[in-house]
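The values are calculated or read from the model by the stated rules, or taken from the named source; none is laboratory data. As the structure is a computational prediction, the values presented were derived from the model and not from experiment. Virtual Cβ from ideal backbone geometry, glycine too; neighbours counted across all protein chains shown.
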Amino acid sequence: MGDFTSLDPCVHCGFCLPACPTYLATRDEADSPRGRIVLMRALERGDLSADDPALRQHLDACLGCRGCEPACPSGVGYGRGLEEARRRIAASVGLRPLARLTLGVFGRSVAWRTAFGAGRWIRDLGLAKLLAGSGRARLGFGMLAATAPGRVRQPTLAPEAGTGPTVALFRGCVMDTLFGHVHDATRRTLAVNGYRVIEVPGQGCCGALHDHAGDQEGAARLGRANLAAIGETTDFIVVNSAGCGALLKDYGHLLGTEAARRFAGRVRDVTELLADRGPVTGGSLPLDVAYDAPCHLQHAQQVQRQPLAVLGAIPGLRVHQLPGSDRCCGSAGIYSLVEPAMSRMVLDDKIEAIRSLTPRPDFIATGNPGCLMQIGAGLMAAGLATRVAHPVELLDWSYAAGGRYR
Amino acid sequence: MTTSPTPALTADLLGALSRLVGSRWVRHRPAELATYAADGLPTHESRPGLVVLPGSRSEVAAVLSLLAERHVPFVPRGAGTGLSGGALAGGDAVLLTLTRLNRILRIDPASRRAVVEPGVINAHLSQAVARFGLQYVPDPSSQTACTIGGNVAENAGGPHCLKYGVTTNHITALEVILPDGSTATLGSPQGEPWGPDLVGLFLGSEGMFGVAVEITVRLEPTPRDIRTLFAEFTQLRAASSAVSAIIASGIVPAALEMMDQSCLEAVEASIYATGARTDAAAVLLVELDGAPEAVAAEAAVVEPLLRANGARSVTVATSEPDRARLWLGRKKAFGALGRLAPDLAVQDAVVPRSALPDLLDQIAAVRDRLGIRISNVFHAGDGNLHPCISFDRRDPRQAAAVVTANREIMEACLAAGGSITGEHGVGSDKREYMPRAFQPAALDLMCEVRRVFDPDGRANPGKVFPANVCREWRRGDRQ
Ligand SMILES: Cc1cc2nc3c(=O)[nH]c(=O)nc-3n(C[C@H](O)[C@H](O)[C@H](O)COP(=O)(O)OP(=O)(O)OC[C@H]3O[C@@H](n4cnc5c(N)ncnc54)[C@H](O)[C@@H]3O)c2cc1C
Ligand code: SF4
Ligand code: SF4
């Protein structure tokens, strides 16, 4: 399928080292982008085999966040190289058991609906919050607790339906089961901005987690199902999960068909659609907020300004700059599950940055379920009162406060 | 380097090192060693026997004592951005990576000093002191990645060293672990307390004198006013004569940098584009800093000089974002050149400023004769050239042309009265030129000095001095 040509421009200058969260955590070049490129080139030449345990360890420890790409003056396409390396490793030695098990769940809608449904039940009983804490298992409960709506009272009144472009809402798996409130906020805020949101049945998981793990076939299977379900009728397909959006926009590359390329061209992150329309301003929301950029939004999709435009449409909101907001939080799909130690080191750096902010924000705004869960759990484990919210949730509250919903 | 047979690195050594620093911090598997086989000049490659990442200075001392006991050679390493193949270890040696020692220990704004560990990244230090209105001046283009320890060992320079001096002018004290594991304090916060300048001696020692584990740096107030002039020229010679004219005017700019057309093309294609037109034969970046009145007065001299020497346009950046954009283009230039061809050989040499125009012509002649692409990006103000050759090492003809070009350029620089390195060091890359650049007696003296610090020749062996150059080896009187 692919090859490693995107790595060719690497001149070994090392500029990418300090942009890499795993290098910053260990300061070991084997955990750096440049070091991983050396490993991938050795894999390409056959100097190292795909089942070399050390090669796998250090490539597995890569978050796939692509923070190294914008730091590279030479334009190395690290992400494409990693995708190819993971494909070769998966093809030759298979996935690790934990990864295989997890991806198996995401691959079948009955399985994830059951699993996340149980999760939601534990969350709604208040158990998750009770059990949230710092150990490995308790961090997991923290993640579950962090999926709860940022506010207990949700706006219930629907706005008037828009008359503008039609938009199919991509529901996904985690978003659909644990972040239903973000979907609701997406529909309401898009309608206020003139879009007609259409519900499309029969969709499933986007396949991003499979794709990242090197299981391109699993990803393609899910991709084809989504393509068939969503079809070609709407002007746009809107996604509110950065990770899903990045892969949906890459379906052309993944599936290699003309239909997939056309589909990918219609995919937008929710903040892109909102920013295109201003967005419309809401009512006052006097809160302190810091934005943390999901890797799959800022690097994979190059969507950087639009989430800030969404926050900028909220009067009274005080948006603070979070140092290192462009750095991965360590969530990275199933990474937090399969690489817990490194994930935790990277998360600790993020929480430390939040802890040193003055004033301490009420909310960290970020547009990806993994980041919301990871940072949310980290905040609870550190005993900080700061909570997490999706940018459209904040806009939604602001619209409610401003009387936009009736 | 020692004549006694070097013991192979044994499993026993691995165990002993693991006990000192923790097994997680001893890398021994081939894949891991491969990630440490090159620095920023990947035309040189050497896989270390082991990589050790100590977490504190006491661990560094313990590791060095153990290695001394067992007669094992070692090579210190920072971020591995060096451009002379300096931080490379052979299979019989331990690579001692210092990046985990990355704390800023003290900042003393009143006396304008900071004490740092060697693994602190250059740019992180500047960021940390900025809130006191201070800066750490030496700013190698690699500053976002390279370490202060590496800067000390290479005596690194940077664009702003034209006015403020290179690393050695900004270090006042060092804590050094010597190759035998003992600790020595060189200098003091106020500078050298007595006698010979031992700090100066250590600066630029390329890892051969031991390991710097604590570094006291001098901080300078950030200039009150900064103005960056960006001039485009249609003739390379015109840009060189503008450089001479500025220096002759008596003004010492904070920085005076040049990029030629080939380099500009690469930069403008990268995300660090300056916005210059790529049909310019050369661009000059002139930075003036100091009190606002002085900067204005100097700009009033420099701008007409640039135009009088043929600049077709001069833009002046005063705002921080505008200046940052111009500087990013310059500082990321080597990296941007990566897009021209799979491999890049960066050279480093100094010539008298007056020889610059002729040398650039000679480099162009080498380029045309060998049919290779050479880009120039350099510190024009102090005559520090960086010809960069783009090539594909998989093509033997190109690889051979690079070797020839490097040699011819070096010889041209030496013939013009220049030196073989301005700031990247000798390392593995320039070893062969040492006898051309220095008299035998001078080389002997250098070897003697080295022996004071490292009598066994175990610290970064095989670098800087070509085999058998030193008298003791020539006489064969080593044990
Ligand atoms: C794109 C690019 C641009 C560059 N621009 C410049 C520039 O403008 N000016 C300039 O001077 N250099 C420049 N360099 C070269 C390089 O960045 C410098 O030489 C830098 O000082 C190396 O630091 P490092 O931490 O990467 O050291 P390394 O490359 O890891 O090591 C360099 C040398 O220092 C020794 N060493 C490292 N740490 C210690 C220690 N704690 N104690 C004793 N010895 C030690 C090593 O043994 C080795 O000999 C550039 C490099 C690149 C890739
Ligand atoms: S910054 Fe780019 S060219 Fe430099 S080492 Fe990293 S990937 Fe390679
Ligand atoms: S993708 Fe992220 S974790 Fe992986 S090498 Fe790049 S910066 Fe590091």
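Pairs please, first residue from the stretch A:50-69 and in a loop (DSSP other than H, G, I, E, B), second anywhere and of a type in the set (Asp, Glu) and within 15 Å of ligand 2 (Cβ to nearest atom), Cβ atoms under 7 Å, 6+ apart in sequence or on different chains.
A:Ala61/A:Asp31
Being out of contact with any helix residue (DSSP H, G or I) (no Cβ under 8 Å at 6 or more places or on another chain) and within 14 Å of another protein chain (Cβ to nearest Cβ) narrows it down to one of B:Ala336, B:Ala341, B:Ala400, so name that one.
B:Ala341
Report, by residue number, each residue of the stretch A:342-383 that is charged (D, E, K, R) and touching a strand residue (DSSP E or B) at 6+ places or on another chain (Cβ under 8 Å).
Within the stretch A:342-383, A:Arg360, A:Asp362 qualify.
For residues that are touching a helix residue (DSSP H, G or I) at 6+ places or on another chain (Cβ under 8 Å) and more than 13 Å from A:Trp397 (Cα to Cα), tally how many sit in the stretch A:186-202.
Qualifying residue count, the stretch A:186-202: 7.
Taking only the stretch B:383-431 into account, find how many residues are in a helix (DSSP H, G or I) and modelled with pLDDT under 90.
Of the residues in the stretch B:383-431, 0 are in a helix (DSSP H, G or I) and modelled with pLDDT under 90.
Condition test on A:Arg34, is it away from ligand 1 (no atom under 14 Å from the Cβ), basic (Lys, Arg) and either without any contact (Cβ under 8 Å) to a residue 40 or more places away in the chain or crowded, with 22+ Cβ neighbours inside 10 Å (or both)?
No, not satisfied.
Take the residues of the stretch B:234-253 that are not small (Gly, Ala, Ser) and not in a loop (DSSP other than H, G, I, E, B): which is nearest to the other protein chains (Cβ to nearest Cβ)?
B:Leu236
From the list B:Glu287, B:Glu265, B:Glu320, pick out the single residue that is charged (D, E, K, R) and surrounded by 23 or more Cβ atoms within 10 Å (Cβ to Cβ).
That would be B:Glu287, the only listed residue that is charged (D, E, K, R) and surrounded by 23 or more Cβ atoms within 10 Å (Cβ to Cβ).
From the list B:Leu284, B:Leu328, B:Leu306, B:Leu264, pick out the single residue that is under 24 Å from the mean Cα position of the chain (by Cα) and more than 14 Å from chain A (Cβ to nearest Cβ).
Just a single option satisfies the conditions, and that option is B:Leu284.
Looking for whichever is at positive phi and buried (at least 20 other Cβ atoms within 10 Å of the Cβ) here; the options are A:Gly142, A:Gly107, A:Gly126, A:Gly172. Which one fits?
A:Gly172
Residues in the stretch B:61-78 that are within 16 Å of B:Val213 (Cβ to Cβ) and assigned to a loop (DSSP other than H, G, I, E, B): how many?
1
Since B:Ala89 meets every condition but one in (1) more than 16 Å from ligand 3 (Cβ to nearest atom); (2) buried (at least 24 other Cβ atoms within 10 Å of the Cβ); (3) under 30 Å from B:Arg353 (Cα atoms); (4) of a type outside the set (Val, Ile, Thr), which condition does it not meet?
Answer for B:Ala89: the failing condition is (3).
What tally of residues in the stretch A:1-49 results from selecting those that are within 7 Å of chain B (Cβ to nearest Cβ), part of a helix (DSSP H, G or I) and under 28 Å from the mean Cα position of the chain (by Cα)?
Selection size over the stretch A:1-49: 7.
Cβ contacts < 6 Å: first residue in a loop (DSSP other than H, G, I, E, B), restricted to the stretch A:357-374; second residue of a type in the set (Asp, Glu) and surrounded by fewer than 22 Cβ atoms within 10 Å (Cβ to Cβ), any location; separation 6+ or different chain. Result?
Final answer for the pair search is A:Pro359/A:Asp288; A:Pro361/A:Asp288; A:Asp362/A:Asp288.
Criterion first (within 16 Å of ligand 2 (Cβ to nearest atom) and at pLDDT 95 or above) does B:Gly210 satisfy it?
So B:Gly210 does not fit the description; no.
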